[in-house]
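To start, the structure itself, in structure tokens.
Just so you know, all these numbers are worked out from the coordinates, no wet-lab data involved. All of these numbers come straight from a predicted model, not from anything done at the bench.
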Amino acid sequence: MIRALFWLADQLLYLYIWAVILAAVFSMLASFGVLDTRNRIVWTIGDFLYRVTEPALRPIRNILPNLGGIDLSPLILLLLLQAARMLLASIYESVVFGTLRPLL
């Protein structure tokens, strides 16, 4: 049961990493005019990605200084999510296998 919970948490983090990457690429393509956001399907996809990723990106954007047109918040969020996956794997190893090595 524990193994399934850790697997599910890891997969959710993995999917969220891909959602952040897709949202960043979508935003870049829309800002350069490659994607037409007036198209209903394109707008729906963009709105979904925005609603999924914006709650995690907004606090990071509030902390970062204004860099003009460059938004580094997706990169920082990806690093934080990858660190969370590594921490989760370390906790899994210590719980399941009983190792007592440091978590970080």
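Over the stretch 1-52, the alpha carbon radius of gyration divided by the compact-protein estimate 2.2 N^0.38 Å works out to 1.49.
Using the Kirkwood radius built from alpha carbon pairs, what does the Stokes-Einstein equation give as D for the stretch 44-101 at 10 °C and 1.306 mPa s, in µm² per second? In µm²/s, the coefficient is 116. Here the scattering of the chain is modelled by Debye summation over its C-alpha atoms, one equal scatterer each and no solvent; at q = 0.10, 0.21 Å⁻¹ the log10 of I(q)/I(0) is -0.39, -1.09.
Annotation: extensible slack from VAL95 through ALA56 equals 11.2 nm (criterion: 0.36 nm per residue apart, minus Cα-Cα distance).
Is the stretch 33-77 best put as rounded, prolate or oblate by its Cα gyration tensor, with a ≥ b ≥ c the root eigenvalues, rounded for a/c under 1.5, and otherwise prolate when a/b is larger than b/c, oblate when not? Since a/c reaches 1.5 but b/c is at least a/b, the shape of the stretch 33-77 is classed as oblate.
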